[in-house]
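> Structure below; questions to follow.
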Amino acid sequence: MEGNCTQWRGSGFTLVELMIVLAVVSLLLGLGVPAFQRLQESTRIQSQVRQLMSDIILTRSEAIQRNVQVVMCPSPSYLSAIPECSGVYAEGWLIFEDRDRDRRLDAAEEVIRTANRLPEGLTLTNRAATRDASELIVFRPDGTSGRNRTLMICSRARPDIPSWSVVLNIIGRPRMARGWGDCPV
């Protein structure tokens, strides 16, 4: 029975190999997690600016389709059951048909859409980031808005991430722009 002696050789990692693998994994996580968080916050900003852009396009198209003035105004609709124009766009907004052209929502006028507030940690300001966006956006029946304006969304926690904006020209055409203004620090 001398020749039946088999030697057992385990297959696995040595302590040195395991330490090298852990060092590489921790290095990759250290580099990857912040980049992923930055991408996630940038995507969150872009998603909100797309919603804002969509609602501005809806406001303009409803003015043209209905052949009346249509207004988009800030409205903290989550605070009350009766919608009204007040506050800033970051708290939410509403779109209404303004038949009497007084730029106020009256009982006889139809609310076309309401939008909820921005997610926590995002700001909605003018391009210079000197004040919160709160001015009415008014579209005439021909689709013009009568003035230029920029609504910029930034991350309060990560001002180093480029802003996303909706830029509205005097003709009433909105477009999205990345890095169009500097986020407040």
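The values are calculated or read from the model by the stated rules, or taken from the named source; none is laboratory data. Predicted model only: the values in this text are computed from it and were never measured. Here the Cβ positions follow ideal geometry from the backbone for every residue, glycine too, while neighbour counts run over all protein chains shown. The accessibility values were calculated without ligands, DNA or RNA, using every heavy atom of the protein model including side chains. Shrake-Rupley method; radii C 1.70, N 1.55, O 1.52, S 1.80 Å.
> Restricting the search to the stretch 138-151, which residues are open to solvent by less than 20 Å² (accessible area, probe 1.4 Å) and either in contact with a Leu (Cβ under 7 Å, 6 or more places away or on another chain) or farther than 18 Å from Trp93 by Cβ (or both)?
The answer is Gly143, Ser145, Leu151.
> Might you let me know whether the stretch 66-88 holds any residue that is touching a residue at least 60 places away in the same chain (Cβ under 8 Å) and open to solvent by 90 Å² or more (accessible area, probe 1.4 Å)?
Scanning the stretch 66-88 turns up at least one residue that is touching a residue at least 60 places away in the same chain (Cβ under 8 Å) and open to solvent by 90 Å² or more (accessible area, probe 1.4 Å).
> Follow-up. Does at least one position in the stretch 48-62 carry a residue that is open to solvent by 50 Å² or more (accessible area, probe 1.4 Å) and more than 18 Å from Arg173 (Cα to Cα)?
no
> A further question on this structure: Could you tell me whether any residue of the stretch 118-129 is open to solvent by 30 Å² or more (accessible area, probe 1.4 Å) and in contact with a Leu (Cβ under 8 Å, 6 or more places away or on another chain)?
no
> Looking at this structure, is Glu41 more than 26 Å from the chain's Cα centre (by Cα) and at pLDDT 80 or above?
No, not satisfied.
> Out of the strands (runs of 3 or more DSSP E) lying entirely within the stretch 67-185, which hold 2 or more residues that are out of contact with any Phe, Trp or Tyr (no Cβ under 8 Å at 6 or more places or on another chain)?
Strands (runs of 3 or more DSSP E) meeting the threshold: 93-97, 122-125, 137-139, 149-155, 164-168, 174-178.
> Quick check on my filter: what residues within the stretch 96-117 are open to solvent by less than 30 Å² (accessible area, probe 1.4 Å) and more than 14 Å from Val70 (Cβ to Cβ)?
Ala115
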